[in-house]
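Have a look at the structure below before the remarks.
The values are calculated or read from the model by the stated rules, or taken from the named source; none is laboratory data. Just so you know, these numbers come straight off a predicted model, no measurement behind them. A quick note on method: Cβ atoms are made from the backbone with ideal geometry, for glycine too, and the neighbour counts reach across all protein chains shown. The accessibility values were calculated without ligands, DNA or RNA, using every heavy atom of the protein model including side chains. Shrake-Rupley method; radii C 1.70, N 1.55, O 1.52, S 1.80 Å.
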Amino acid sequence: MDRITKQLVKELVKTQEIKSKKESEHFELFVNYSIISDEHNRTFNLNDISIGSGHDTGIDGLAIIVNGSIINSANEIDDFEERNGFLDVSYIFIQSKTSSNFDTSDIRTFVDGVKDFFREEPTLPRNTEIQNLADISNYILDKASLFKENPKCKLYYVTTGTYNDEDKNINSVKINGIKDLQSLNLFETVDFKILGGTEIGKLYRKTKSPTSATFTFANKVTLDDIEDIPQAYYGVLPFSEFKKLIVDDNDNIANVFDDNVRDFQGDTNPVNSKISETLKSDNPFLFSVINNGITIVANEIKTSGNTFTIDDYQIVNGCQTSNVLFLNRENENIQSLNIPIRLIGTKSEKIKSKITVSTNNQTAIKPEQLSAMSEFQKNLELYYNTIEGDGKLYYERRSKQYNSNSSVIKRKIITTPIQIKSFASMFRSEPHRVTSYFSGIVNKIGMQNSGIFEEKHQAEIYYVAGLAFYRLDMLFNTNTIDPKYKKVRYFILMLFRLLSTNEEVPPLNSLRKVENFTKPIIDILNDVVETEQFFVKAVDLIYSSEIDINDKHFIKTSGITERLIEEFNKCK
């Protein structure tokens with residue numbers, strides 16, 4: 001491994017708190033992180049996509065991405081079916097070697113492992129991670145009627161050497177591998193990339209760059225100077241230019257939507273369905289006059305004539321519209337369609353919040369709900385920032401907001417979905433709801449008495465849920481707790497809370513009561529030995545309850561929660 005690659009790998013090991021001491025494992029994780037970060041526009045857990053160990057069938061990394069999310073449980077597929085009404089599926093397979101050679105026999109073994117992954121009767125031995133992902137894949141393929149198109153399949157073979165793309169032997173193996181996978185008749189497209197040390201280094205550096213886009217904005221007017229808004233424009237962009245803002249290099253939708261507690265609601269949603277109907281009609285240009293358009297806020301706007309480059313930007317209004325346009329991006333009739341655009345340059349969080357609230361008036365969310373939700377999110381981020389020492393975590397209010405900060409340990413990032421799931425499990429005793437129908441909770445956020453992210457809630461109890469998630473994740477990372485229990489991690493969090501305190505969850509608007517309630521839990525979480533003991537006890541309760549953690553239907557019902565609480569009460 002060359003010196004530059006070694007340094008990049010070393011940085012990843014530090015920021016991901018990787019405990020392994022093997023250079024080969026470090027490189028595998030480095031490659032997996034770099035590739036999946038390029039293919040997937042959200043923060044993810046590196047362990048969830050790294051499967052290289054014994055019986056890995058020649059695969060070191062594997063991500064199954066459905067509707068923009070990395071899938072770790074078949075139950076998540078049911079959620080997307082209910083919420084979106086369709087499945088957009090991609091498979092990404094990775095094999096990496098610390099050797100500088102590009103060995104054709106290793107490449108063939110990799111392809112054979114991928115083919116075996118899709119066999120109904122596999123011939124290669126599988127470890128737990130491969131088997132779990134294969135089960136998820138089978139569940140997805142059984143729902144083929146929901147596919148907008150067949151899944152995409154991408155393979156990456158990576159070494160530390162220099163790849164010669166004119167090597168006939170390697171190209172022959174690569175082409176044959178693509179043909180073999182195409183012959184399965186499962187995939188819309190099959191793509192096979194072979195990368196060397198320089199290419200993988202570029203992908204890693206790319207993970208640290210802020211979101212940026214360059215496009216031509218000819219039809220616009222410049223708005224007068226406004227305090228804290230140095231630049232603002234209003235105009236229209238042809239879709240051929242607008243898609244440069246929402247479609248990444250891998251033809252995926254970019255994750256540039258502010259405060260992404262709510263994701264795309266699917267094109268079966270009544271409002272989205274009407275947008276889609278207009279785009280597919282004989283007169284799609286009606287869209288330009290009946291749609292309120294898109295509002296974009298960027299930290300920096302650089303101009304050269306009509307050429308605009310925007311850095312660290314977010315679409316604060318227009319998530320649903322942008323997603324429907326993305327789904328129709330191949331429609332030739334809309335390439336010249338004009339999209340109404342507001343483009344605002346500001347670094348003021350206060351201004352950004354006001355813009356978000358004032359422009360989101362087409363949705364069913366009331367302005368006061370949006371404001372409260374936005375303010376709570378910012379206050380929660382500020383609370384996380386007050387914590388120092390080993391319990392220091394980072395709340396990610398905007399997707400990948402810490403990517404460019406190399407001082408942030410990425411494993412310590414708590415995303416909004418993780419925060420919601422951890423809180424609902426620990427302090428609302430609803431792990432079954434976040435294991436499957438996560439949208440049932442999300443859709444109520446911002447509404448009166450939703451029970452989560454309410455304006456007067458104390459931030460400390462949310463931090464405790466995030467800290468508990470992080471501590472449990474580290475126990476999985478070190479194999480202190482068998483990784484097979486990851487699929488019930490949110491049930492473990494609920495049991496951890498029950499074991500760590502006899503007190504009932506207090507009113508969350510009372511600072512004193514919340515502090516008194518959370519103190520003993522934090523004391524346990526800040527003690528390495530006690531943390532392990534309590535989490536191991538929680539796992540023991542799951543084991544003694546004799547529930548089948550592989551029963552994907554039972555695991556998403558309230559019955560499993562009730563059974564575990566009953567088991568806890570028996571063992572008091």
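Observations on the structure shown:
- Enumeration of residues in the range 27-44 that are open to solvent by 30 Å² or more (accessible area, probe 1.4 Å) and more than 17 Å from Lys206 (Cβ to Cβ): Glu28
- Residue in the range 5-12 that is surrounded by 20 or more Cβ atoms within 10 Å (Cβ to Cβ), out of contact with any Pro (no Cβ under 9 Å at 6 or more places or on another chain) and under 30 Å from His553 (Cβ atoms) present: no
- Residue match in the range 224-245 (condition: within 20 Å of Ser96 (Cβ to Cβ) and modelled with pLDDT under 95): no
- Applying the set (1) closer than 30 Å to His26 by Cα; (2) at pLDDT 90 or above to Lys487 leaves exactly one unmet item: (2).
- In the range 216-231 there is no residue matching the filter, namely being among the aromatic types (Phe, Trp, Tyr) and over 30 Å from Lys354 (Cβ atoms).
- If the condition is being surrounded by fewer than 22 Cβ atoms within 10 Å (Cβ to Cβ) and in a helix (DSSP H, G or I), then the range 118-137 contributes Thr128, Gln131, Asn132, Ala134, Asp135, Ile136, Ser137.
- Filtering Phe86, Phe117, Phe80 for residues that are modelled with pLDDT of 90 or more and of a type outside the set (Val, Ile, Thr) leaves a single hit, Phe117.
- Just so you know, in the range 170-225 the residues that are in a strand (DSSP E or B) and among the aromatic types (Phe, Trp, Tyr) include one that is nearest to Asn150 (Cα to Cα), and it is Phe192.
- All positions within the range 383-414 that are at pLDDT 90 or above and under 21 Å from Glu455 (Cβ atoms): Tyr383, Tyr384, Asn385, Thr386, Tyr395, Ile414
- For the range 149-169, filtered to residues that are assigned to a loop (DSSP other than H, G, I, E, B) and surrounded by 13 or more Cβ atoms within 10 Å (Cβ to Cβ), the residue that is nearest to the chain's Cα centre (by Cα) is Pro151.
- Selection of the range 63-110 for residues being open to solvent by less than 10 Å² (accessible area, probe 1.4 Å) and either in contact with a Cys (Cβ under 6 Å, 6 or more places away or on another chain) or closer than 22 Å to Ile35 by Cα (or both) yields Ala63, Ile64, Val66, Ile71, Val89, Tyr91, Ile92, Phe93, Ile94, Ser96, Ile107, Phe110.
- Residues satisfying the stated conditions in the range 225-240, i.e. touching a strand residue (DSSP E or B) at 6+ places or on another chain (Cβ under 7 Å) and open to solvent by 30 Å² or more (accessible area, probe 1.4 Å): Ile226, Pro230, Gln231, Tyr234, Val236, Pro238
- Any hit, the range 304-312, residues being assigned to a loop (DSSP other than H, G, I, E, B) and either under 29 Å from the mean Cα position of the chain (by Cα) or of a type in the set (A, V, I, L, M) (or both): no
- Test: residue in the range 530-547 that is within 29 Å of the chain's Cα centre (by Cα), touching a residue at least 24 places away in the same chain (Cβ under 8 Å) and surrounded by fewer than 18 Cβ atoms within 10 Å (Cβ to Cβ): yes
- The single condition among (1) farther than 24 Å from Asp88 by Cα; (2) not in a strand (DSSP E or B) that Asn323 does not meet is (1).
- The set of residues in the range 68-84 being in contact with a helix residue (DSSP H, G or I) (Cβ under 8 Å, 6 or more places away or on another chain) and free of Cβ contacts under 8 Å to residues at least 60 places away in the same chain consists of Ser69, Ile70.
- Of the listed requirements (1) open to solvent by less than 60 Å² (accessible area, probe 1.4 Å); (2) in a helix (DSSP H, G or I); (3) modelled with pLDDT of 75 or more, Ser353 misses just one: (3).
- Among the candidates Ser145, Ser172, the residue that is small (Gly, Ala, Ser), under 25 Å from Glu121 (Cα atoms), at pLDDT 90 or above and open to solvent by 10 Å² or more (accessible area, probe 1.4 Å) is uniquely Ser145.
- For the range 282-320, the set of residues classified as farther than 17 Å from Lys243 by Cα and open to solvent by 40 Å² or more (accessible area, probe 1.4 Å) consists of Asp282, Asn283, Leu286, Val289, Ile290, Asn292, Asn299, Glu300, Lys302, Thr303, Ser304, Gly305, listed by residue number.
- Yes/no for Glu129 being in contact with a Pro (Cβ under 9 Å, 6 or more places away or on another chain) and over 19 Å from Ser99 (Cα atoms): yes
- Boolean, Gly54 is in contact (Cβ under 8 Å) with a residue 60 or more places away in the chain, at positive phi and surrounded by fewer than 19 Cβ atoms within 10 Å (Cβ to Cβ): no
- If you go through the range 548-572 and pick out every residue that is surrounded by fewer than 19 Cβ atoms within 10 Å (Cβ to Cβ), touching a Phe, Trp or Tyr at 6+ places or on another chain (Cβ under 7 Å) and closer than 15 Å to Phe496 by Cα, you end up with 0.
- For the range 248-276, a tally of residues being touching a helix residue (DSSP H, G or I) at 6+ places or on another chain (Cβ under 8 Å), at pLDDT 70 or above and open to solvent by 30 Å² or more (accessible area, probe 1.4 Å) returns 4.
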